[in-house]
2 protein chains.
Amino acid sequence: MISGKKIIVSGMKKEVDRVWEAIQTALSGTSCALVSSGDPGIYALAGLVFELCRENNVGLKDGNIGDGQSLYVEVVPGIPALCAGAALLGAPLVHDFAAISLSDILTPWEIIEKRLSAAADADFVIVLYNPRSKKRNRQLDKAKEILLGYRCSKTPVGIVTGAMRENQRVCLTTLENLEPHAVDMQTTLFIGNSKTFVFENKMVTPRGYGDKYDLSITNL
Amino acid sequence: MISGKKIIVSGMKKEVDRVWEAIQTALSGTSCALVSSGDPGIYALAGLVFELCRENNVGLKDGNIGDGQSLYVEVVPGIPALCAGAALLGAPLVHDFAAISLSDILTPWEIIEKRLSAAADADFVIVLYNPRSKKRNRQLDKAKEILLGYRCSKTPVGIVTGAMRENQRVCLTTLENLEPHAVDMQTTLFIGNSKTFVFENKMVTPRGYGDKYDLSITNL
(Lines give C-alpha, C1' and ligand atoms only; values in the text may rest on other atoms or scores of the structure.)
Protein backbone atom coordinates (compact mmCIF):
# COMPACT_ATOMS: atom_id res chain seq x y z
CA MET A 1 0.00 0.00 0.00
CA ILE A 2 2.90 2.38 0.52
CA SER A 3 5.04 1.50 -2.49
CA GLY A 4 5.74 4.53 -4.67
CA LYS A 5 4.26 6.89 -2.10
CA LYS A 6 5.97 9.61 -0.15
CA ILE A 7 6.36 8.55 3.48
CA ILE A 8 6.81 10.98 6.36
CA VAL A 9 8.08 9.47 9.62
CA SER A 10 8.68 10.98 13.04
CA GLY A 11 9.46 9.56 16.47
CA MET A 12 7.58 9.28 19.74
CA LYS A 13 6.69 12.59 21.41
CA LYS A 14 6.74 14.27 18.01
CA GLU A 15 3.01 13.73 17.55
CA VAL A 16 2.19 17.42 17.16
CA ASP A 17 4.85 17.90 14.48
CA ARG A 18 3.78 14.77 12.61
CA VAL A 19 0.09 15.60 12.61
CA TRP A 20 0.75 19.18 11.56
CA GLU A 21 2.90 17.97 8.70
CA ALA A 22 0.05 15.72 7.59
CA ILE A 23 -2.36 18.67 7.76
CA GLN A 24 0.00 20.89 5.78
CA THR A 25 0.50 18.19 3.18
CA ALA A 26 -3.24 17.82 2.77
CA LEU A 27 -3.77 21.59 2.69
CA SER A 28 -1.33 21.77 -0.22
CA GLY A 29 -3.73 19.63 -2.20
CA THR A 30 -2.08 16.24 -1.77
CA SER A 31 -4.18 13.44 -0.37
CA CYS A 32 -2.51 12.31 2.84
CA ALA A 33 -3.16 9.40 5.22
CA LEU A 34 -2.08 9.67 8.85
CA VAL A 35 -1.48 6.09 9.94
CA SER A 36 -2.08 4.77 13.47
CA SER A 37 -1.90 1.23 14.75
CA GLY A 38 -5.21 -0.09 16.04
CA ASP A 39 -8.03 2.42 15.70
CA PRO A 40 -7.04 6.05 15.04
CA GLY A 41 -9.83 7.25 17.33
CA ILE A 42 -8.92 5.21 20.45
CA TYR A 43 -6.04 6.90 22.33
CA ALA A 44 -4.62 7.88 18.96
CA LEU A 45 -4.08 10.82 16.67
CA ALA A 46 -7.51 11.45 15.12
CA GLY A 47 -8.26 13.88 17.94
CA LEU A 48 -5.08 15.86 17.46
CA VAL A 49 -5.95 16.41 13.79
CA PHE A 50 -9.13 18.21 14.80
CA GLU A 51 -7.44 20.03 17.70
CA LEU A 52 -4.72 21.41 15.44
CA CYS A 53 -7.23 22.44 12.78
CA ARG A 54 -9.23 24.31 15.38
CA GLU A 55 -6.23 26.05 16.92
CA ASN A 56 -4.88 27.13 13.55
CA ASN A 57 -8.09 28.16 11.82
CA VAL A 58 -8.10 25.32 9.34
CA GLY A 59 -11.72 24.70 8.37
CA LEU A 60 -13.31 21.37 7.59
CA LYS A 61 -15.38 20.75 4.50
CA ASP A 62 -16.78 17.93 2.45
CA GLY A 63 -14.85 16.99 -0.64
CA ASN A 64 -11.66 15.20 -1.49
CA ILE A 65 -8.73 17.59 -1.17
CA GLY A 66 -7.64 20.67 0.70
CA ASP A 67 -7.95 24.10 -0.89
CA GLY A 68 -5.22 25.71 1.24
CA GLN A 69 -7.60 26.86 3.96
CA SER A 70 -9.86 23.96 4.65
CA LEU A 71 -9.64 20.20 4.64
CA TYR A 72 -11.77 17.18 4.09
CA VAL A 73 -10.97 14.83 6.99
CA GLU A 74 -12.21 11.25 7.08
CA VAL A 75 -11.54 9.06 10.11
CA VAL A 76 -11.32 5.40 9.06
CA PRO A 77 -12.03 3.14 12.02
CA GLY A 78 -9.91 0.10 12.76
CA ILE A 79 -9.63 -2.73 15.24
CA PRO A 80 -8.34 -1.25 18.49
CA ALA A 81 -5.96 -3.10 20.82
CA LEU A 82 -8.83 -3.64 23.22
CA CYS A 83 -10.68 -5.72 20.62
CA ALA A 84 -7.62 -7.54 19.27
CA GLY A 85 -6.44 -8.34 22.78
CA ALA A 86 -9.89 -9.40 23.97
CA ALA A 87 -10.24 -11.80 21.03
CA LEU A 88 -6.92 -13.43 21.87
CA LEU A 89 -7.88 -13.80 25.53
CA GLY A 90 -11.37 -15.16 24.91
CA ALA A 91 -14.28 -12.83 25.62
CA PRO A 92 -13.47 -10.52 28.54
CA LEU A 93 -15.37 -7.50 27.15
CA VAL A 94 -18.88 -8.76 26.50
CA HIS A 95 -20.16 -6.67 29.38
CA ASP A 96 -19.65 -3.04 30.48
CA PHE A 97 -16.03 -1.95 30.49
CA ALA A 98 -13.88 1.12 31.05
CA ALA A 99 -10.71 1.97 29.15
CA ILE A 100 -8.10 3.89 31.13
CA SER A 101 -4.63 5.00 30.07
CA LEU A 102 -2.04 4.91 32.85
CA SER A 103 0.13 7.47 31.08
CA ASP A 104 0.32 10.62 33.18
CA ILE A 105 2.33 12.51 30.60
CA LEU A 106 -0.77 14.31 29.28
CA THR A 107 -3.22 13.57 32.11
CA PRO A 108 -2.78 14.42 35.82
CA TRP A 109 -2.27 11.28 37.90
CA GLU A 110 -5.04 12.29 40.31
CA ILE A 111 -7.60 12.02 37.49
CA ILE A 112 -6.27 8.58 36.53
CA GLU A 113 -6.52 7.42 40.15
CA LYS A 114 -10.08 8.67 40.42
CA ARG A 115 -11.05 6.80 37.25
CA LEU A 116 -9.42 3.59 38.46
CA SER A 117 -11.32 3.77 41.74
CA ALA A 118 -14.63 4.64 40.10
CA ALA A 119 -14.37 1.89 37.49
CA ALA A 120 -13.30 -0.70 40.05
CA ASP A 121 -16.05 0.27 42.49
CA ALA A 122 -18.77 0.08 39.83
CA ASP A 123 -17.55 -3.37 38.73
CA PHE A 124 -16.56 -2.44 35.18
CA VAL A 125 -14.18 -4.74 33.35
CA ILE A 126 -11.13 -2.48 33.04
CA VAL A 127 -8.79 -2.18 30.07
CA LEU A 128 -5.50 -0.48 30.85
CA TYR A 129 -3.59 1.20 28.04
CA ASN A 130 0.01 2.44 28.31
CA PRO A 131 0.59 0.62 31.60
CA ARG A 132 4.30 1.26 31.67
CA SER A 133 7.22 2.74 29.78
CA LYS A 134 10.93 2.87 30.46
CA LYS A 135 10.53 6.11 32.38
CA ARG A 136 7.08 5.46 33.84
CA ASN A 137 7.49 2.42 36.03
CA ARG A 138 5.43 3.14 39.14
CA GLN A 139 1.92 3.75 37.76
CA LEU A 140 1.00 0.09 37.39
CA ASP A 141 2.04 -0.76 40.94
CA LYS A 142 -0.20 2.00 42.21
CA ALA A 143 -3.05 0.98 39.91
CA LYS A 144 -2.80 -2.62 41.12
CA GLU A 145 -2.97 -1.41 44.72
CA ILE A 146 -6.09 0.66 43.97
CA LEU A 147 -7.81 -2.19 42.14
CA LEU A 148 -7.06 -4.65 44.96
CA GLY A 149 -8.97 -2.30 47.24
CA TYR A 150 -12.15 -3.17 45.32
CA ARG A 151 -11.59 -6.47 43.53
CA CYS A 152 -10.89 -9.97 44.81
CA SER A 153 -7.20 -10.89 44.64
CA LYS A 154 -8.09 -13.86 42.39
CA THR A 155 -9.72 -11.63 39.75
CA PRO A 156 -8.57 -12.81 36.31
CA VAL A 157 -6.14 -10.51 34.52
CA GLY A 158 -5.24 -10.83 30.85
CA ILE A 159 -1.97 -9.45 29.58
CA VAL A 160 -1.60 -8.95 25.83
CA THR A 161 1.50 -7.51 24.23
CA GLY A 162 1.82 -6.81 20.49
CA ALA A 163 -1.60 -8.28 19.63
CA MET A 164 -1.61 -9.77 16.10
CA ARG A 165 2.05 -8.79 15.62
CA GLU A 166 5.18 -10.90 15.39
CA ASN A 167 6.07 -10.16 19.01
CA GLN A 168 2.59 -11.19 20.26
CA ARG A 169 2.47 -12.49 23.84
CA VAL A 170 -0.73 -13.49 25.64
CA CYS A 171 -0.76 -14.36 29.31
CA LEU A 172 -3.39 -14.98 31.98
CA THR A 173 -2.82 -14.29 35.64
CA THR A 174 -4.70 -12.94 38.65
CA LEU A 175 -4.77 -9.48 40.13
CA GLU A 176 -2.60 -10.49 43.10
CA ASN A 177 -0.06 -12.13 40.81
CA LEU A 178 0.08 -9.34 38.24
CA GLU A 179 3.76 -8.61 37.81
CA PRO A 180 4.25 -5.00 36.67
CA HIS A 181 7.69 -5.85 35.31
CA ALA A 182 6.13 -8.21 32.75
CA VAL A 183 4.46 -5.40 30.80
CA ASP A 184 5.66 -2.64 28.52
CA MET A 185 4.31 0.23 26.38
CA GLN A 186 2.82 -2.22 23.84
CA THR A 187 0.92 -4.14 26.50
CA THR A 188 -2.80 -3.90 27.07
CA LEU A 189 -4.14 -5.22 30.37
CA PHE A 190 -7.61 -6.62 30.97
CA ILE A 191 -8.88 -6.71 34.57
CA GLY A 192 -11.98 -8.87 35.00
CA ASN A 193 -15.13 -7.77 36.80
CA SER A 194 -16.53 -9.70 39.78
CA LYS A 195 -18.05 -12.33 37.48
CA THR A 196 -15.21 -12.83 35.01
CA PHE A 197 -13.93 -16.41 34.95
CA VAL A 198 -11.23 -18.46 33.28
CA PHE A 199 -12.28 -21.60 31.43
CA GLU A 200 -9.73 -23.74 29.62
CA ASN A 201 -7.28 -20.87 29.43
CA LYS A 202 -9.87 -18.40 28.11
CA MET A 203 -10.88 -15.24 30.00
CA VAL A 204 -14.64 -14.73 29.84
CA THR A 205 -17.01 -12.15 31.27
CA PRO A 206 -20.58 -13.45 31.30
CA ARG A 207 -23.17 -11.30 29.57
CA GLY A 208 -25.83 -12.50 31.98
CA TYR A 209 -27.54 -15.26 29.98
CA GLY A 210 -26.77 -17.73 32.76
CA ASP A 211 -28.76 -15.65 35.25
CA LYS A 212 -31.82 -15.66 33.02
CA TYR A 213 -31.64 -19.02 31.27
CA ASP A 214 -30.41 -22.44 32.25
CA LEU A 215 -27.43 -22.96 29.99
CA SER A 216 -27.09 -26.71 30.50
CA ILE A 217 -27.88 -28.65 27.36
CA THR A 218 -30.64 -30.89 28.73
CA ASN A 219 -32.86 -27.88 29.25
CA LEU A 220 -32.56 -26.39 25.80
CA MET B 1 -18.73 -15.28 1.40
CA ILE B 2 -21.88 -17.22 2.17
CA SER B 3 -22.75 -18.52 -1.29
CA GLY B 4 -22.97 -22.31 -1.33
CA LYS B 5 -22.77 -22.53 2.44
CA LYS B 6 -25.37 -23.76 4.89
CA ILE B 7 -26.83 -20.82 6.79
CA ILE B 8 -28.53 -21.14 10.17
CA VAL B 9 -30.67 -18.17 11.24
CA SER B 10 -32.59 -17.42 14.42
CA GLY B 11 -34.36 -14.39 15.85
CA MET B 12 -33.68 -11.99 18.71
CA LYS B 13 -33.81 -13.59 22.17
CA LYS B 14 -32.88 -16.92 20.64
CA GLU B 15 -29.18 -16.35 21.28
CA VAL B 16 -28.71 -19.43 23.44
CA ASP B 17 -30.32 -21.70 20.84
CA ARG B 18 -28.32 -20.15 18.02
CA VAL B 19 -24.98 -20.38 19.76
CA TRP B 20 -25.65 -23.93 20.88
CA GLU B 21 -26.52 -24.92 17.32
CA ALA B 22 -23.23 -23.42 16.18
CA ILE B 23 -21.37 -25.40 18.86
CA GLN B 24 -23.15 -28.63 17.90
CA THR B 25 -22.40 -28.04 14.25
CA ALA B 26 -18.73 -27.54 15.01
CA LEU B 27 -18.64 -30.56 17.33
CA SER B 28 -19.94 -32.69 14.49
CA GLY B 29 -16.75 -31.86 12.60
CA THR B 30 -18.07 -29.08 10.36
CA SER B 31 -16.26 -25.76 10.46
CA CYS B 32 -18.80 -23.16 11.58
CA ALA B 33 -18.68 -19.36 11.84
CA LEU B 34 -20.97 -17.58 14.29
CA VAL B 35 -21.49 -14.13 12.78
CA SER B 36 -22.00 -10.94 14.80
CA SER B 37 -22.20 -7.37 13.60
CA GLY B 38 -19.40 -5.17 14.92
CA ASP B 39 -16.95 -7.05 17.11
CA PRO B 40 -18.08 -10.45 18.42
CA GLY B 41 -16.40 -9.73 21.76
CA ILE B 42 -18.10 -6.40 22.53
CA TYR B 43 -21.61 -6.98 23.91
CA ALA B 44 -21.89 -9.92 21.53
CA LEU B 45 -21.94 -13.68 21.39
CA ALA B 46 -18.29 -14.69 21.80
CA GLY B 47 -18.83 -14.90 25.56
CA LEU B 48 -21.87 -17.15 25.25
CA VAL B 49 -19.86 -19.64 23.19
CA PHE B 50 -17.46 -20.12 26.08
CA GLU B 51 -20.24 -20.08 28.70
CA LEU B 52 -22.15 -22.83 26.89
CA CYS B 53 -19.02 -24.91 26.43
CA ARG B 54 -18.26 -24.64 30.12
CA GLU B 55 -21.79 -25.50 31.25
CA ASN B 56 -22.00 -28.49 28.94
CA ASN B 57 -18.54 -29.96 29.39
CA VAL B 58 -17.35 -29.14 25.90
CA GLY B 59 -13.57 -28.78 26.08
CA LEU B 60 -11.45 -26.37 24.11
CA LYS B 61 -8.37 -27.46 22.22
CA ASP B 62 -6.04 -26.25 19.54
CA GLY B 63 -6.69 -27.54 16.06
CA ASN B 64 -9.13 -26.95 13.27
CA ILE B 65 -12.24 -29.05 13.91
CA GLY B 66 -14.25 -30.56 16.70
CA ASP B 67 -13.81 -34.22 17.67
CA GLY B 68 -17.27 -34.57 19.20
CA GLN B 69 -16.13 -33.59 22.69
CA SER B 70 -13.93 -30.58 22.30
CA LEU B 71 -13.70 -27.61 19.99
CA TYR B 72 -11.18 -25.25 18.55
CA VAL B 73 -12.65 -21.77 19.01
CA GLU B 74 -11.12 -18.70 17.41
CA VAL B 75 -12.53 -15.24 18.12
CA VAL B 76 -11.95 -12.94 15.13
CA PRO B 77 -12.05 -9.31 16.22
CA GLY B 78 -13.93 -6.70 14.24
CA ILE B 79 -14.70 -3.00 14.31
CA PRO B 80 -17.20 -2.42 17.12
CA ALA B 81 -20.00 0.14 16.91
CA LEU B 82 -18.11 2.33 19.36
CA CYS B 83 -15.24 2.68 16.86
CA ALA B 84 -17.40 3.00 13.76
CA GLY B 85 -19.62 5.57 15.45
CA ALA B 86 -16.69 7.52 16.89
CA ALA B 87 -15.07 7.75 13.46
CA LEU B 88 -18.26 9.16 11.98
CA LEU B 89 -18.60 11.71 14.77
CA GLY B 90 -14.96 12.85 14.72
CA ALA B 91 -12.77 11.74 17.63
CA PRO B 92 -14.82 11.49 20.83
CA LEU B 93 -12.91 8.48 22.26
CA VAL B 94 -9.27 9.53 22.24
CA HIS B 95 -9.32 9.68 26.01
CA ASP B 96 -10.60 7.36 28.77
CA PHE B 97 -14.10 6.08 28.17
CA ALA B 98 -16.65 3.69 29.63
CA ALA B 99 -19.05 1.52 27.64
CA ILE B 100 -22.39 0.83 29.31
CA SER B 101 -25.38 -1.08 27.98
CA LEU B 102 -28.74 0.32 29.06
CA SER B 103 -30.45 -3.03 28.53
CA ASP B 104 -31.72 -4.34 31.85
CA ILE B 105 -32.91 -7.62 30.37
CA LEU B 106 -29.79 -9.47 31.53
CA THR B 107 -28.39 -6.93 34.02
CA PRO B 108 -30.20 -5.49 37.07
CA TRP B 109 -31.03 -1.81 36.59
CA GLU B 110 -29.37 -0.87 39.91
CA ILE B 111 -25.99 -2.01 38.56
CA ILE B 112 -26.50 0.02 35.39
CA GLU B 113 -27.38 3.12 37.45
CA LYS B 114 -24.30 2.67 39.60
CA ARG B 115 -22.10 2.44 36.52
CA LEU B 116 -23.66 5.52 34.96
CA SER B 117 -23.04 7.52 38.14
CA ALA B 118 -19.49 6.24 38.59
CA ALA B 119 -18.51 6.89 34.97
CA ALA B 120 -20.09 10.34 34.97
CA ASP B 121 -18.49 11.33 38.27
CA ALA B 122 -15.01 10.24 37.15
CA ASP B 123 -15.36 12.20 33.89
CA PHE B 124 -15.18 9.28 31.50
CA VAL B 125 -16.49 9.77 27.99
CA ILE B 126 -19.49 7.42 28.03
CA VAL B 127 -20.67 5.17 25.22
CA LEU B 128 -24.20 3.88 25.65
CA TYR B 129 -25.19 0.65 23.92
CA ASN B 130 -28.78 -0.61 23.60
CA PRO B 131 -30.25 2.71 24.75
CA ARG B 132 -33.81 1.79 23.88
CA SER B 133 -36.05 -0.83 22.36
CA LYS B 134 -39.75 -0.98 21.67
CA LYS B 135 -40.41 -2.39 25.11
CA ARG B 136 -37.63 -0.63 26.99
CA ASN B 137 -38.41 3.06 26.67
CA ARG B 138 -37.64 4.56 30.06
CA GLN B 139 -33.97 3.67 30.62
CA LEU B 140 -32.56 6.48 28.53
CA ASP B 141 -34.67 9.13 30.26
CA LYS B 142 -33.34 7.93 33.59
CA ALA B 143 -29.77 7.72 32.28
CA LYS B 144 -30.00 11.30 30.99
CA GLU B 145 -31.23 12.46 34.39
CA ILE B 146 -28.31 10.72 36.14
CA LEU B 147 -25.74 12.12 33.70
CA LEU B 148 -27.12 15.66 34.08
CA GLY B 149 -26.40 15.35 37.80
CA TYR B 150 -22.68 15.28 36.98
CA ARG B 151 -22.21 16.81 33.54
CA CYS B 152 -22.89 20.28 32.18
CA SER B 153 -26.15 20.50 30.26
CA LYS B 154 -24.20 21.67 27.18
CA THR B 155 -22.03 18.52 27.11
CA PRO B 156 -21.79 17.32 23.50
CA VAL B 157 -23.70 14.15 22.69
CA GLY B 158 -23.23 12.16 19.50
CA ILE B 159 -25.99 9.91 18.25
CA VAL B 160 -25.11 7.28 15.66
CA THR B 161 -27.61 4.80 14.27
CA GLY B 162 -26.70 2.02 11.84
CA ALA B 163 -23.04 3.10 11.50
CA MET B 164 -21.65 2.22 8.07
CA ARG B 165 -24.99 0.74 7.01
CA GLU B 166 -27.59 1.91 4.55
CA ASN B 167 -29.74 3.36 7.30
CA GLN B 168 -26.82 5.31 8.83
CA ARG B 169 -27.78 8.46 10.72
CA VAL B 170 -25.32 10.70 12.56
CA CYS B 171 -26.45 13.55 14.76
CA LEU B 172 -24.85 15.91 17.26
CA THR B 173 -26.73 17.45 20.14
CA THR B 174 -26.19 18.33 23.80
CA LEU B 175 -27.04 16.44 26.94
CA GLU B 176 -29.93 18.74 27.77
CA ASN B 177 -31.34 18.42 24.26
CA LEU B 178 -30.91 14.67 23.96
CA GLU B 179 -34.26 13.38 22.79
CA PRO B 180 -34.77 9.78 23.90
CA HIS B 181 -37.39 9.27 21.21
CA ALA B 182 -34.77 9.82 18.50
CA VAL B 183 -32.90 6.63 19.29
CA ASP B 184 -33.54 2.93 18.83
CA MET B 185 -31.87 -0.46 19.41
CA GLN B 186 -29.33 0.17 16.62
CA THR B 187 -28.26 3.50 18.09
CA THR B 188 -25.00 4.08 19.94
CA LEU B 189 -24.75 7.24 22.04
CA PHE B 190 -21.57 9.12 22.87
CA ILE B 191 -21.62 11.44 25.89
CA GLY B 192 -18.62 13.78 26.01
CA ASN B 193 -16.42 14.32 29.06
CA SER B 194 -15.93 17.77 30.61
CA LYS B 195 -13.42 18.72 27.89
CA THR B 196 -15.15 17.34 24.82
CA PHE B 197 -15.90 20.02 22.23
CA VAL B 198 -17.60 20.38 18.88
CA PHE B 199 -15.61 21.94 16.06
CA GLU B 200 -17.11 22.29 12.58
CA ASN B 201 -19.67 19.61 13.30
CA LYS B 202 -17.10 17.14 14.66
CA MET B 203 -17.17 15.85 18.25
CA VAL B 204 -13.69 15.77 19.71
CA THR B 205 -12.26 14.83 23.11
CA PRO B 206 -8.80 16.29 23.61
CA ARG B 207 -6.04 13.82 24.49
CA GLY B 208 -4.26 16.53 26.47
CA TYR B 209 -1.66 17.78 23.98
CA GLY B 210 -3.03 21.28 24.32
CA ASP B 211 -2.28 21.32 28.05
CA LYS B 212 1.34 20.37 27.47
CA TYR B 213 2.15 22.01 24.17
CA ASP B 214 1.10 25.19 22.44
CA LEU B 215 -0.84 23.93 19.45
CA SER B 216 -0.90 27.18 17.50
CA ILE B 217 1.15 27.00 14.34
CA THR B 218 3.51 29.90 14.97
CA ASN B 219 5.07 28.05 17.87
CA LEU B 220 5.83 24.81 16.10
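The values are calculated or read from the model by the stated rules, or taken from the named source; none is laboratory data. Predicted model only: the values in this text are computed from it and were never measured. When we count neighbours, we look across all protein chains shown, and the Cβ atoms used for this are built from the backbone with ideal geometry, even at glycine. Side chains are part of the model used for accessible areas, which takes the heavy atoms of the whole protein and leaves out ligands, DNA and RNA. Shrake-Rupley method; radii C 1.70, N 1.55, O 1.52, S 1.80 Å.
Does B:A182 qualify as being among the small types (G, A, S) and within 14 Å of chain A (Cβ to nearest Cβ)?
Details: among the small types (G, A, S): yes; within 14 Å of chain A (Cβ to nearest Cβ): no.
The answer is no for B:A182.
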Report task. Just name the residue that is nearest to B:F97 (Cα to Cα) out of those in region A:115-146 that are buried (at least 20 other Cβ atoms within 10 Å of the Cβ) and of a type in the set (K, R). Result -> A:R115
Query raised in the report: Considering region B:163-220 alone, what residues qualify as being more than 18 Å from B:P92 (Cα to Cα) and among the hydroxyl-bearing types (S, T, Y)?
Result: B:Y213, B:S216, B:T218
Requested in this report: Residue by residue through region B:7-35, note down the ones that are free of Cβ contacts under 8 Å to residues at least 24 places away in the same chain, part of a loop (DSSP other than H, G, I, E, B) and under 26 Å from B:D62 (Cβ atoms).
Outcome: B:I8, B:C32, B:A33, B:L34, B:V35
Query raised in the report: Within region B:75-91, restricting attention to residues that are at the interface with another protein chain (Cβ under 8 Å from one of its Cβ atoms) and open to solvent by 30 Å² or more (accessible area, probe 1.4 Å), which residue is nearest to the chain's Cα centre (by Cα)?
Result: B:I79
**Report entry** Check on B:G38, in contact (Cβ under 8 Å) with a residue 40 or more places away in the chain, under 17 Å from the mean Cα position of the chain (by Cα) and crowded, with 20+ Cβ neighbours inside 10 Å
**Finding:** yes
Report task. Would you mention how many residues in region A:57-72 are in contact with a Phe, Trp or Tyr (Cβ under 8 Å, 6 or more places away or on another chain) and either more than 12 Å from every other protein chain (Cβ to nearest Cβ) or at pLDDT 95 or above (or both)? Result -> 4
**Report entry** Positions within region A:147-179 being open to solvent by 10 Å² or more (accessible area, probe 1.4 Å) and under 17 Å from A:E113 (Cα atoms), in sequence order
**Finding:** A:L148, A:G149, A:Y150, A:R151
Requested in this report: Look at region B:92-111 and say how many of its residues are surrounded by fewer than 22 Cβ atoms within 10 Å (Cβ to Cβ) and small (G, A, S).
Outcome: 1
Report task. Determine if region A:133-153 includes at least one residue that is aliphatic (A, V, I, L, M) and in contact with a Lys or Arg (Cβ under 7 Å, 6 or more places away or on another chain). Result -> yes
Query raised in the report: Could you list, in sequence order, the residues of region B:10-35 that are more than 7 Å from every other protein chain (Cβ to nearest Cβ) and over 22 Å from the mean Cα position of the chain (by Cα)?
Result: B:E21, B:A22, B:I23, B:Q24, B:T25, B:A26, B:L27, B:S28, B:G29, B:T30, B:S31, B:C32
Report task. Scan region B:109-138 residue by residue and report those that are within 14 Å of chain A (Cβ to nearest Cβ) and of a type outside the set (A, V, I, L, M). Result -> B:W109, B:E110, B:E113, B:K114, B:R115, B:S117, B:D121, B:D123, B:F124, B:Y129, B:N130, B:P131
Requested in this report: Please specify each residue of region B:99-124 satisfying the condition of being closer than 22 Å to B:A163 by Cβ and in contact with an Asp or Glu (Cβ under 7 Å, 6 or more places away or on another chain).
Outcome: B:A99, B:I100, B:S101, B:F124
Report summary line: Picking from A:L106, A:L52, the residue that is facing chain B (nearest Cβ under 7 Å), assigned to a loop (DSSP other than H, G, I, E, B) and touching a helix residue (DSSP H, G or I) at 6+ places or on another chain (Cβ under 7 Å) would be A:L106
Requested in this report: Give the residue, chosen from B:V198, B:V204, that is within 14 Å of chain A (Cβ to nearest Cβ), closer than 14 Å to B:V125 by Cβ, among the β-branched types (V, I, T) and open to solvent by 70 Å² or more (accessible area, probe 1.4 Å).
Outcome: B:V198
Query raised in the report: If you go through region B:60-70 one residue at a time, do you hit one that is over 25 Å from A:L89 (Cβ atoms) and in contact with a helix residue (DSSP H, G or I) (Cβ under 7 Å, 6 or more places away or on another chain)?
Result: yes
Report summary line: Note: among B:E15, B:E21, just one is open to solvent by less than 60 Å² (accessible area, probe 1.4 Å), within 27 Å of A:G85 (Cα to Cα) and of a type in the set (D, E, K, R), namely B:E15
Query - Residues of region B:130-185 satisfying the condition of being in contact with an Asp or Glu (Cβ under 6 Å, 6 or more places away or on another chain) and at pLDDT 95 or above - result: B:Y150, B:S153
